[in-house]
1. Could you give me D for region 15-160, from Stokes-Einstein at 20 °C and 1.002 mPa s, where the hydrodynamic radius is the Kirkwood radius over C-alpha pairs? Units µm² s⁻¹, please.
2. Run the helix sum for the chain: -39,500 (n - 2.57) per DSSP H stretch of 4+ residues, divided by residue count, reported at 222 nm to the nearest 500 deg cm²/dmol.
3. Using a cut-off of 14 Å between beta-carbons, work out the net charge of the residues near residue 154 (Lys and Arg +1, Asp and Glu -1, residue 154 not included).
4. For the chain, what number of Lys pairs, 8 or more residues apart or on separate chains, have alpha-carbon atoms under 29 Å from each other?
5. Would you please give the FRET efficiency between residue 66 and residue 3, computed as 1/(1 + (r/R0)^6) with r the Cβ-Cβ distance and R0 = 41 Å, to the nearest 0.05?
6. With the chain treated as a Gaussian network of Cα nodes joined by springs under 10 Å, which of 44, 73, 61 yields the largest mean-square fluctuation?
7. For region 15-160, what relative contact order do you get, as a whole percent, if you take Cα pairs closer than 8 Å and at least 6 residues apart?
8. Read phi for every residue in region 79-87 and hand back ³J(HN,Hα) as whole Hz from Karplus 6.51 cos²θ - 1.76 cosθ + 1.60, θ = phi - 60°, with x for Gly and Pro.
Amino acid sequence: MTRTPAKSPLLPTDDTARALARTLLHDSRTAALATLDAAGAPFVSLVGCACLEDGTPLLLVSQLSQHTMHMLVRPSVSLLFSNIGKGDPLAHPRLSLSGRAEPIPHDNPQRAQARRLYLDSHPKAQLYIDFADFILVRIRPKQAALNGGFGRAYSLTPEDLRPNYQK
């Protein structure tokens, strides 16, 4: 007996899916961050996030936190963005993004712009953003998965997440 291959649950990625993914990315002020500890075990924490102008996720983290220590050793990370509202949380859209964590050093000329963009989203971070143990980290996307709600799943590329996406 020959088995029929299972139909992929993924829909073709279209402009509506791209726009929803970018909205989740830009409007989410927090995300679940998954890192790998020294033993390779997953570790998840909640982090504040913002976006650089090119759609790259931006985090402000303390070097004293476990997730930051993990990222500095193993920069492969994943972020989950969601703006859950009323009702069943699984009926709301969410974006899972895998990428590479890249700290922005204090002496990097790009830090000033990243700092401004982060503070635009998180004005209260002004109290601690310049503490010596806090660093800005950009997450370079490698791939993303959008669940737009029941029966609406898409696979996205880093290009799909950029604000000025062109086919």
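1. My calculation gives 137 µm²/s for D.
2. Mean residue ellipticity at 222 nm (helix-derived): -6000 deg cm²/dmol.
3. Working: positive: 18, 22, 94, 152; negative: 14, 15, 159, 160.
Local net charge: 0.
4. Lysine pairs satisfying the spacing and distance rule in the chain number 4.
5. 0.40
6. Evaluated over the chain, the most mobile residue of the options is 73.
7. 26 percent
8. Values, residue by residue: 10, 10, 10, 7, 10, 6, x, 6, x Hz.
Readers should treat all values here as calculations from the given coordinates under stated rules, not as data from a laboratory. Keep in mind the model is a prediction, meaning the values are calculated, not measured. Glycine gets a Cβ as well: all are built from the backbone with ideal geometry, and neighbour counts include every protein chain shown.
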